[in-house]
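In what follows, a single structure is set out as structure tokens and then discussed.
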Amino acid sequence: MLLALPAIVCAQKNSTPVIAIETDATGLYLVVDELCLKQSHYGARVADPGQFLQVRDMARDAYPVYGSGNPNELALAITHGNGNVTTMLAYKSHRSWDDPSDGNIKWTEITLEDTAYPVTVLLTYKAFACENVIQTMASVVSRQQRITINSIASCYLNLKSSAYYLSRLYGAPGFESNLLSERMSEGIKVFDSKRGVRNSHYDNQSFMIALENPAGELTGEVVGGALCWTGNFRMSYQVDVMHNCYVWAGINPYQAGYVLLEGGRFDTPWMALTYSPSGKGEITRNFHDWGRKYMLNEPQRIRPVALNSWEGVGMDFDQKTILEMIDRAADLGAEVFVLDDGWFGNKYPRNDERNGLGDWDINKKKLPDGFTKFIERARARGIMFGIWIEPEMVNPSQLAEKHPDWIVKAPDRPPLMHLSRQRSQQILDLSNPRVQDFVFDVFDGILKQNPEIGYVKWDANRYAPDHGSQYLPPDMQGNLWIDYVKGLYSVYERIVKKYPHTIIQLCSSGGGRVDWGAMGYHHEFWPSDNTDALQRVYTQWGINHFFPAMATSAHISQVPNHTTSGVTPLKFRIDVAMSGRLGVELQPRDMTPEELKTISSAIAQYKTIREVIQLGDLYRLTSPYEDNFASMVYVSKDRSQAVAFCFVTKYSPAQDYPVIRFSGLDPNRTYAISEINPGKSNGSPSVGKSFTGDFLMKNGIRTTFWRACESAVFRLNAK
Ligand code: GLA
């Protein structure tokens, strides 16, 4: 990471300069006061940060620890080797350096030391100039004693405002990523996950906080944050009576006192922060730009249109069915066919959810020719072949017979199998390096044998509200869920290095694992098993606050919907799916020729606009959470093209035709408006006409529909 050693600034009583961690437009400023590290400001970049030294009295503890006297939420609590539960950290030094391989990134590292024990705390910051994102993390190094880290924040942020408005995501499996915005009252609000290996079905570890007033899409000061961690997390927001706000973000300390052996180092996950002086939309675009440049696999690769077999055939298929599906996927214009669950297991065939996980050998009865015929057919039809795996899990299988010691389970108790929707499956202990090798080998083994597999959907369908590792010693059980996630990341790391061009989809019973930690090893995610287009308007609206459309798999499915039994028009289903990474999730054989024609025409049209959707800037226009319709527009980076969506979610007798008032266009250019996937009549009287960006952003165009589940997609081309 570090080539030339940067100059180290060491502690001298009250003469340490301001530590300025800056991006193009934002800054996090820290000062040292009597050897105590304090945070002065996070928000807009200031012209002369040296002045923070004159107002050191306004700064607040940057990383408060238990034992330092701070009565608020605390960033760190350690039990030292001799049982002392207090810590005192003194600023020792800091250094900053430009990333040797990327001029857009600047690193800063601050060293703090315990005043009585050989324990060092490092705070590391990675500033991404253009995207205005600052990542922060903390490390603990224990040089001579075994310690227990009882809680440790990746980020501890002090905010100052007269009021705070929190926007965050909440939900449940099949109801993921709903947006909730509320004024924070005094007290501590905690959102967390205690589910072990799934983390985002319920609360998500991403947030936006508007300062002073509720923010609009284009107005208001907003701080955004996203914890990059795929395990138990805790986000807490404390507002005191003096209107101070303390944001704590990190691994959930719940049942997770982490034993760090003498000489060891513990690194927290990264927290990504961003700031916007002009509304929530900019927070979104900062996260999207940063994620598309630095986090997603192959961030600039246009995502192909997929046809996934799950809702179409479930586990009930044979070779002939799949060959036919591959053909029909190609006919529709899909670019990858994904064979979902049900293809493996012989002694314990995977004919239902209760068997087979762990035995990743192809089921000979169902698929006598293995994947060979599928790959040949896909190749002949010019599309990719992909598969589903769930390699972290096990249920009755030969693996379970051979390696009961690899399974996470509390000793002397029956495993918790009665939990709803847990599919008789258990979790393999990824804190164990042998299990890590096994999981890597599952992926590697399949890909080595079938190098033409171009897409893998990686699922994780169980959570765990208890734990027990047969690998870790009894007095280190608190380490399990942390070492599990680190073990998972090390497996991902090996896989992505070896197979950088294999598209990997992140799935966990739908959107149970959507965070920027896991996303750093995937191309895309499956936001929800609920493919009902009406619910998807809300889910995708929510999750796209933090994650870009190119990663948001959105599939056209059959009706009645397999989750909700809801029936929505095909056009609506297509239009909603087009606003993300378009795909198809149905059995083409069950569709009418006319429906198939509509879908294939929509796929062809999507291919002409997807670059704008997948790589452009998202501007949200009307929120379905605040009105009876949703509208948004993706604008290409050069503002020469845009694609706008409008979805009516509810019928109201008092509803006027929705008006789309645009954002993000070039006011001085003239845009011609056309329609994608048109219905029987034009979606707007303005189709076929041209307007300046200025006019479209000040007046907008009206649509021609108002009933629930009516929709339109408009294309804008600058002349
Ligand atoms: C999970 C996923 C689904 C599907 C099934 C297969 O529920 O979210 O998309 O892959 O598993 O069992």
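Every number in this text was worked out from the coordinates using simple rules, so none of it is lab data. Bear in mind the structure is a predicted one, so any value in this text is a computation, not a measurement. All Cβ positions, glycine included, derive from the backbone under ideal geometry; neighbour counts span all protein chains shown.
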### Task
For the range 556-641, calculate the relative contact order in percent as a whole number, restricting contacts to Cα pairs under 8 Å that are 6 or more residues apart.
21
#### Entry: Two-decimal ratio, the chain, of alpha-carbon radius of gyration to 2.2 N^0.38 Å
0.98
### Task
State to the nearest 20 debye the size of the charge dipole of the range 249-372 about its Cα centre, where the only charges are +1 on K and R beta carbons and -1 on D and E beta carbons.
320
#### Entry: Extension gain, Thr372 back to Asp437 (0.36 nm per residue minus Cα-Cα distance, nm)
20.8 nm
### Task
Loop only per DSSP, at most 16 neighbouring Cβ atoms within 10 Å: give me the trypsin sites (Lys or Arg not before Pro) in the range 127-161, ordered by residue number.
Arg143, Arg146
### Message
Can you tell me the length gained on complete extension of the stretch Ala672 to Ile188, counting 0.36 nm per residue apart and subtracting the Cα distance?
### Response
169.2 nm
### Task
Take each complete run of DSSP H in the chain, measure how far its Cα atoms stretch along the helix's own axis, and keep only those covering 24 Å or more with mean Kyte-Doolittle hydropathy at least -1.0; list them.
480-498, 593-615
### Task
Give me the net charge of Lys347's neighbourhood, meaning all other residues with Cβ under 10 Å from the Cβ of Lys347; Lys, Arg count +1, Asp, Glu -1.
-3
### Query
Projected onto the charge dipole of the chain (+1 at Lys/Arg Cβ, -1 at Asp/Glu Cβ, origin at the Cα centre), which of Asn178, Phe662, Asn355 gives the Cα projection farthest towards the positive end?
Phe662
### Message
Between the range 552-624 and the range 229-302, what is the separation of their alpha carbon centroids in Å?
### Response
32
### Query
Can you work out D for the range 306-615 in µm² s⁻¹ from Stokes-Einstein, where Rh is the Kirkwood radius over C-alpha pairs, the temperature is 20 °C and the viscosity is 1.002 mPa s?
107
### R0 of 41 Å, Cβ-Cβ distance Asp405-Ser181: FRET efficiency to nearest 0.05
0.30
### Query
Relative contact order for the range 99-155 using alpha-carbon pairs under 8 Å, separation at least 6, rounded to a whole percent?
28
#### Entry: Radius 11 Å from Cβ of Ala59, net charge of other residues (Lys, Arg +1; Asp, Glu -1)
+1
### Query
Dipole of the range 306-615 (Lys/Arg Cβ +1, Asp/Glu Cβ -1, origin at the Cα centre): which of Ala518, Ile383, Pro433 lies farthest to the positive side?
Ile383
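May I ask you to derive the relative contact order of the chain, considering only C-alpha pairs under 8 Å and at least 6 residues apart, and to give it as an integer percent?
This gives 10 percent for the chain.
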### Local electrostatic count at Glu262 - Lys and Arg +1, Asp and Glu -1, tallied over other residues with Cβ under 13 Å
+3
### Query
Applying 1/(1 + (r/R0)^6) with R0 = 51 Å to the Cβ-Cβ distance of Gln449 and Arg146, what FRET efficiency is obtained, to the nearest 0.05?
0.70
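Tell me, in nm to one decimal, what length is gained between Ser93 and Arg265 on full extension, where the rule is 0.36 nm per residue of separation less the Cα-Cα distance?
Stretched out fully, the Ser93 to Arg265 stretch lengthens by 60.1 nm.
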### FRET efficiency for Arg379 and Ser681, using Cβ-Cβ distance with R0 set to 45 Å, rounded to 0.05
0.60
### Message
Helix-only estimate, please: 222 nm mean residue ellipticity of the chain, summing -39500 (n - 2.57) across DSSP H runs of length 4 or more and dividing by its residues, to the nearest 500.
### Response
-5500 deg cm²/dmol
### Query
Which longest uninterrupted range of the chain lacks any GluC sites (Glu not before Pro) assigned by DSSP to a loop state (not H, G, I, E or B) and surrounded by at most 12 other Cβ atoms within 10 Å?
263-625
